[in-house]
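K.L.:
I have a structure I would like to understand better, so I am pasting it below and will then ask my questions one at a time.
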Amino acid sequence: MKKGLLHELTKGIIEENPILIIMLGLCPPLAVSTSAANGLGMGAAFCFVVIGSNLVISLIRGIVPSQIRIPVYITVISTFVTIVDYALKAYLPLLSRSLGVFVPLIVVNCIVMGRAEAFASRNGVAASLMDGIGMGIGFTLIITLLGAVRELLGNGTVFGFPVLPSAYQPFLLFILPPGAFLVIGFMMAAQKKFFQKGGAR
Amino acid sequence: MISQNLNFFLIFLSAMIVNNILLMRFIALCSFFGISNNMQASVGMGFAVIFVMIMATTISWLVYHYLLVPFDLLYLRTASFILTIATFVQLEEMVIRKLFPPLYRSLGIYLPLIVVNCAVLAAAFLVIDYNLGFLKSLVYTLGVGAGYFFAIVMFAGIRERVNLAPIPKSFQGYPIAFITASLMSLAFLGFKGLFGL
């Protein structure tokens with residue numbers, strides 16, 4: 001298991017990317033990635049929660065009885081989610097409105113819970129912190145990329161800046177729900193083709 | 001009275017079809033892709049979600065309006081909802097196992113999964129966000145649950161057929177499932193103009 005801290009950090013980005021490989025926590029990436037900026041905002045909120053909860057859970061893992069660990073984890077995670085939710089409402093009300101119900105829903109995001117259960121409860125503080133950062137970056141990367149592709153095709157812009165020539169007819173479908181499924185389907189296929197050797201994981 | 005009923009009907013349809021929780025709102029996708037490999041499991045999960053969702057919304061609506069609002073504890077909303085729902089599902093599982101063994105045999109294994117199913121929590125949040133009254137909340141939740149059932153069963157049916165089709169290698173498995181979902185979502189988009197909540 002000892003592969004060094006750097007590996008804990010980098011594995012979340014491609015090798016064990018939470019969205020594309022582990023296939024967990026799909027709801028927020030698809031729902032809020034209508035623009036690159038929204039994706040980045042969601043990614044940042046998610047990073048905070050997963051890093052914070054990984055840190056706290058690895059700190060308290062010695063004193064939590066295993067029978068009640070799930071409720072304890074849920075409480076820890078929901079504390080961080082509440083912090084993010086209120087901070088967004090106070091400082092970035094516009095982003096908070098466009099993310100809507102998906103910020104409180106980070107609580108039931110399977111990645112956060114999954115990392116808490118599968119990693120932070122069994123590893124030391126430093127490794128858990130790195131794991132949280134790696135997972136957070138992997139998640140943010142995919143969600144921002146997804147948002148950028150959808151924004152580019154659906155609106156001709158990336159982060160609000162026009163990229164395509166004005167003659168481009170925006171393909172509205174990509175901003176709408178079906179576009180999200182379509183883009184992530186193709187992203188997964190590409191990932192499977194280029195990064196996965198031998199097919200089976 | 002008639003307009004009142006019509007209103008309920010509209011809320012139900014809007015929650016079930018126009019704002020379908022899986023295909024339009026992208027909530028609870030983990031179970032959508034995880035379970036829909038199997039038709040029988042999808043039906044079981046669909047019923048379990050409807051059942052738990054209604055119970056959970058009832059409880060969390062009461063908690064919100066009679067505990068959190070009067071005592072000014074709104075910042076505890078997220079934590080209290082998830083904990084009441086988790087506790088409640090556990091309780092429910094025990095009650096069903098004791099009183100309705102046949103029902104438990106068919107739904108039992110899905111109940112624990114539902115705790116982390118975002119659809120249940122999302123329904124509880126949405127009725128609060130929309131500021132619905134108690135009865136309307138129940139109707140809305142029933143609609144959301146029915147929409148979940150409808151979408152997951154249809155999707156499972158389609159996937160059974162897709163699994164037999166010749167598909168390019170890198171698209172096999174999840175990628176083609178997402179593209180299928182995209183086409184279904186496109187079909188549901190057609191209802192968008194009808195009415196909305």
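The values are calculated or read from the model by the stated rules, or taken from the named source; none is laboratory data. These numbers come from a predicted model, not from an experiment. We place every Cβ from the backbone using ideal geometry, glycine too, and count neighbours over all the protein chains shown.
K.L.:
How many of the residues making up the range B:158-186 are in a helix (DSSP H, G or I) and within 14 Å of residue B:34 (Cα to Cα)?
P.N.:
8
Here is a yes/no grid of residues against (1) in a loop (DSSP other than H, G, I, E, B); (2) surrounded by fewer than 19 Cβ atoms within 10 Å (Cβ to Cβ); (3) not acidic (Asp, Glu):
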{"residue": "A:112", "(1), (2), (3)": "no, no, yes"}
{"residue": "A:117", "(1), (2), (3)": "no, yes, no"}
{"residue": "A:132", "(1), (2), (3)": "no, no, yes"}
{"residue": "A:170", "(1), (2), (3)": "yes, yes, yes"}
{"residue": "A:184", "(1), (2), (3)": "no, no, yes"}
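K.L.:
For the range A:140-178, what are the residues that are within 14 Å of another protein chain (Cβ to nearest Cβ), within 19 Å of the chain's Cα centre (by Cα) and not aliphatic (A, V, I, L, M)?
P.N.:
If the condition is that a residue be within 14 Å of another protein chain (Cβ to nearest Cβ), within 19 Å of the chain's Cα centre (by Cα) and not aliphatic (A, V, I, L, M), then A:147, A:150, A:177 are the ones that fit.
K.L.:
Suppose we filter B:9, B:33, B:81 for residues that are among the aromatic types (Phe, Trp, Tyr) and more than 10 Å from every other protein chain (Cβ to nearest Cβ); which single one remains?
P.N.:
After applying the criteria, what remains is B:9.
K.L.:
Out of curiosity, is residue A:148 of a type in the set (Gly, Ala, Ser), over 30 Å from residue B:169 (Cα atoms) and at pLDDT 80 or above?
P.N.:
no
K.L.:
Same structure again: Would you mind finding the one in B:147, B:196 that is within 26 Å of residue B:65 (Cβ to Cβ) and either part of a helix (DSSP H, G or I) or modelled with pLDDT of 85 or more (or both)?
P.N.:
Numbers: B:196 fails: either part of a helix (DSSP H, G or I) or modelled with pLDDT of 85 or more (or both).
Just a single option satisfies the conditions, and that option is B:147.
K.L.:
Checking the conditions here, which among A:93, A:104 is away from every other protein chain (no Cβ under 14 Å) and under 30 Å from residue A:181 (Cα atoms)?
P.N.:
The match here is A:93.
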